[in-house]
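Colleague: Provided herewith is a single structure, encoded as structure tokens, for subsequent inquiry.
The values are calculated or read from the model by the stated rules, or taken from the named source; none is laboratory data. What you see is a predicted model; the values in this text were computed from it and never measured. Positions of Cβ are backbone-derived with ideal geometry, glycine not excepted, and every protein chain shown enters the neighbour counts. Areas reflect the complete protein model, heavy atoms only, side chains present, ligands, DNA and RNA absent. Shrake-Rupley method; radii C 1.70, N 1.55, O 1.52, S 1.80 Å.
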Amino acid sequence: MIESSPLRFVPGHVAPENPGPNPRLFAFLGRELLVTSENLLPSVTAIDGLGIEATRTQYLGAWDQQHCYSAELPGDFKPPEGFATKDLRMLFGALEPELHALAGRAVQIVEWDRTHQFCGACGEQTEVSSTDRSRSCPDCAIPMYPRLSPAMIVAVERGDEILLGRSHNFPPGIFSVLAGFVEPGESAEEAVIREVYEETRITVEDVRYFGSQAWPFPNSLMLGFRARYARGSVDTDHDDEMESADFFHVNELPPMFPGKISISQWLLEDFVRRHSPDRDAAEKGREKG
Ligand SMILES: [Zn+2]
């Protein structure tokens, strides 16, 4: 019996006695997912047919009443004809978004399981917990959970302008909203104020939560914010990562990463919607509609 939930996916850590008629399996070679040559998730029967012995498997939970598992493929695995292994970044748009998110969850659990077989303090072999998604050391009793790194991402607005920057590793000409990791002991709002100042010397105020996105590259939880410009002039000279940054008017935005897959793009879309000159007409249209 699979527990009901308001969410489509019900996480679990203890595998059921019977996996049911058609379980889902996310099999990874390193961080790459095994898919068919059409970029679809292969059925368990198809994977079974390959006769591979997984290095480790994990139970994930149930999605649409189907039990889901992840597996670590052996390092020397070569996908046979009709199959491929792909980085999840290449599968945005190919897998439906919720299934893609589940694959992102799966890769992080596979990676956590692989890298926590031994205690980091004493080197003893760890044991899997029956009460939650953790492993622990029988000697030190140190629990080890999947690693999750909170990061903030922010749309800084100054009237009809938005603060965008580009780091050295972006493709040429591409800009994005600012982002950075939350440090220990810091609130996400404090991280917003610190990161924006560190990267651009701009001080912001009125920091407001926008929404979040799990971002498994490799294990981030992106916390989105909007913030208002308070004072300062853009200066990126002191920051090694930032190549340049500036305020851009809503009608003169620079090239950005294509698509609508990430929270950086949702923040920008939200900014454009609220600052577009057609906004009033569009909103009136909706009210009539
Ligand atoms: Zn230990």
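Colleague: Could you tell me which numbered condition M144 fails, if it satisfies all but one of (1) within 16 Å of the ligand (Cβ to nearest atom); (2) open to solvent by 50 Å² or more (accessible area, probe 1.4 Å); (3) under 26 Å from S212 (Cβ atoms)?
Modeller: Looking at each condition in turn, M144 falls short on (2).
Colleague: Tally the residues that are touching a helix residue (DSSP H, G or I) at 6+ places or on another chain (Cβ under 9 Å), polar (S, T, N, Q) and over 24 Å from G173 (Cα atoms), restricting the search to the range 219-251.
Modeller: 1
Colleague: Would you mind telling me which numbered condition in (1) under 26 Å from L7 (Cα atoms); (2) outside any strand (DSSP E or B); (3) open to solvent by 40 Å² or more (accessible area, probe 1.4 Å) T57 fails?
Modeller: Going through the list (1) under 26 Å from L7 (Cα atoms); (2) outside any strand (DSSP E or B); (3) open to solvent by 40 Å² or more (accessible area, probe 1.4 Å), T57 breaks only (2).
Colleague: When residues of the range 171-181 are filtered for being open to solvent by less than 50 Å² (accessible area, probe 1.4 Å) and either closer than 21 Å to Q213 by Cα or in contact with a Phe, Trp or Tyr (Cβ under 9 Å, 6 or more places away or on another chain) (or both), how many remain?
Modeller: Number of matching residues: 7.
Colleague: Would the range 143-162 turn up any residue that is hydroxyl-bearing (S, T, Y) and more than 26 Å from E111 (Cα to Cα)?
Modeller: No; the residues of the range 143-162 include none that is hydroxyl-bearing (S, T, Y) and more than 26 Å from E111 (Cα to Cα).
Let's see how each residue does on (1) farther than 22 Å from K260 by Cα; (2) buried (at least 18 other Cβ atoms within 10 Å of the Cβ); (3) more than 16 Å from the ligand (Cβ to nearest atom):
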| residue | (1), (2), (3) |
| --- | --- |
| T85 | yes, no, yes |
| M90 | no, no, yes |
| A94 | no, no, yes |
| R105 | no, yes, yes |
| W112 | yes, yes, yes |
| Q117 | yes, no, no |
| A121 | yes, no, no |
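Colleague: Filter the range 186-205 down to the residues that are open to solvent by 70 Å² or more (accessible area, probe 1.4 Å) and either assigned to a helix (DSSP H, G or I) or in contact with a Cys (Cβ under 7 Å, 6 or more places away or on another chain) (or both) and list them by number.
Modeller: Scanning the range 186-205 gives E189, E190, I193, Y197, E198.
Colleague: Something else about it: Looking only at the range 16-43, count every residue that is of a type outside the set (F, W, Y) and surrounded by 14 or more Cβ atoms within 10 Å (Cβ to Cβ) and tell me the total.
Modeller: Here the count works out to 17.
Colleague: State all residues of the range 123-133 that are surrounded by fewer than 18 Cβ atoms within 10 Å (Cβ to Cβ), within 16 Å of the ligand (Cβ to nearest atom) and not acidic (D, E); if no residue qualifies, say none.
Modeller: Answer for the range 123-133, where residues must be surrounded by fewer than 18 Cβ atoms within 10 Å (Cβ to Cβ), within 16 Å of the ligand (Cβ to nearest atom) and not acidic (D, E): G123, Q125, V128, S129.
Colleague: Give the range 147-164 a look and list any residue that's in a strand (DSSP E or B) and open to solvent by 70 Å² or more (accessible area, probe 1.4 Å), or say none.
Modeller: R158
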